[in-house]
Amino acid sequence: MLRRRFLPWRAMVALLGSLPFLLSCLAASPPVSGALQGDHLWRGTVKIAGDLVVAEGSHLVIAPGSEIVFLPPIEGEGQWSEHPHFSGSELVVRGSIIAEGTADKPITFRYHDPAAPPGSWGGVNLVASPSARFSHCRFTQADSALHSQSSTVVVEESLFENNLVGIRFHSSRISIEHNLLRRNGTAIRFHFGAPVICRNDIRENDKAFFVTSYPRDYRIEANNIVGNGRSVVLGEEVPDDLDLAGNFWGETDPARIERAFVDGRKIEYLGRIRYRPFAAEPFADAGTTWNR
């Protein structure tokens with residue numbers, strides 16, 4: 001478990017109070033872009049237009065109830081669009097971030113137009129972040145809502161819906177527990193990494209999992225994976241079997257479970273999903289507890 005490595009946001013705010021500290025109450029402020037240096041606390045509504053970078057060695061805390069609203073990039077800003085970046089405005093975190101909402105006051109990351117489609121903004125992009133924690137957050141309308149590269153991350157009690165990709169990571173140490181991922185193009189996509197993915201509710205996505213290169217030191221179990229177009233898709237660089245035993249697939253008929261896999265059963269050179277033994281009924285404690 002990674003969660004004990006992080007302070008609650010109130011403790012973090014108290015700690016930052018002893019440092020040179022910038023309190024950003026940006027509800028009435030103009031949109032921000034460029035770079036943040038030092039230590040910042042955001043409250044209220046923060047608007048981002050373009051690519052905003054939390055610099056290496058800097059710290060960002062987002063208070064409960066805050067809304068992080070992504071606008072179209074300002075002319076000359078937001079031009080990072082090639083991998084590992086995405087089109088549209090992004091929050092790029094090279095330092096650390098703590099975004100801990102509460103059941104009554106979740107934190108929202110969204111596009112400024114609530115009717116806009118998935119892919120309208122880039123994502124929260126973690127780049128070698130030494131510590132990132134998200135709890136009681138809602139991510140919607142992004143290309144890749146939470147993208148982690150070579151970072152240490154905890155994601156819990158959060159909602160990912162109506163994104164092209166909910167959670168996407170590469171070579172990261174990441175814990176994803178007690179989240180709801182629904183109605184995304186792909187719920188979770190990863191390339192290598194050491195993920196712990198447990199007790200999530202993953203439903204009504206085009207793809208629940210898209211694994212593009214073989215993971216190591218992973219644990220993926222006790223999830224409800226229900227009603228997705230494809231449950232698991234293996235990429236061309238996954239020739240080995242993938243162990244996904246101990247999950248609930250919404251079915252108890254093995255033939256129906258396997259029908260939703262794209263693995264060696266369909267493409268000869270791919271590995272196979274090892275899904276047995278599987279749970280015969282859903283896990284009552286999977287998913288979030290605050291928005292059921």
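The values are calculated or read from the model by the stated rules, or taken from the named source; none is laboratory data. A quick note: this is a predicted structure, and the numbers were derived from the prediction, not measured. Ideal geometry is used to build each Cβ from the backbone, glycine not excepted, and the neighbour counts take in all protein chains shown.
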Pair list, Cβ under 7 Å, 6 or more apart: the stretch 32-48 residue within 16 Å of residue 124 (Cα to Cα) and touching a residue at least 40 places away in the same chain (Cβ under 8 Å), other residue of a type in the set (D, E, K, R) and part of a loop (DSSP other than H, G, I, E, B): 33/77
Residue list for the stretch 129-147, filter: farther than 18 Å from residue 47 by Cα and free of Cβ contacts under 8 Å to residues at least 40 places away in the same chain: 129, 130, 132, 134, 135
Test for residue 126: is it surrounded by fewer than 23 Cβ atoms within 10 Å (Cβ to Cβ) and in contact (Cβ under 8 Å) with a residue 12 or more places away in the chain: no
Options 140, 108; residue that is within 18 Å of residue 159 (Cα to Cα), surrounded by 22 or more Cβ atoms within 10 Å (Cβ to Cβ), at pLDDT 95 or above and in contact with a strand residue (DSSP E or B) (Cβ under 6 Å, 6 or more places away or on another chain): 140
Yes/no for residue 244 being surrounded by 15 or more Cβ atoms within 10 Å (Cβ to Cβ), in contact with a strand residue (DSSP E or B) (Cβ under 8 Å, 6 or more places away or on another chain) and over 23 Å from residue 286 (Cα atoms): no
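Give the stretch 190-235 a look and list any residue that's under 16 Å from residue 176 (Cα atoms), small (Gly, Ala, Ser) and modelled with pLDDT of 95 or more, or say none.
Answer for the stretch 190-235, where residues must be under 16 Å from residue 176 (Cα atoms), small (Gly, Ala, Ser) and modelled with pLDDT of 95 or more: 208, 222.
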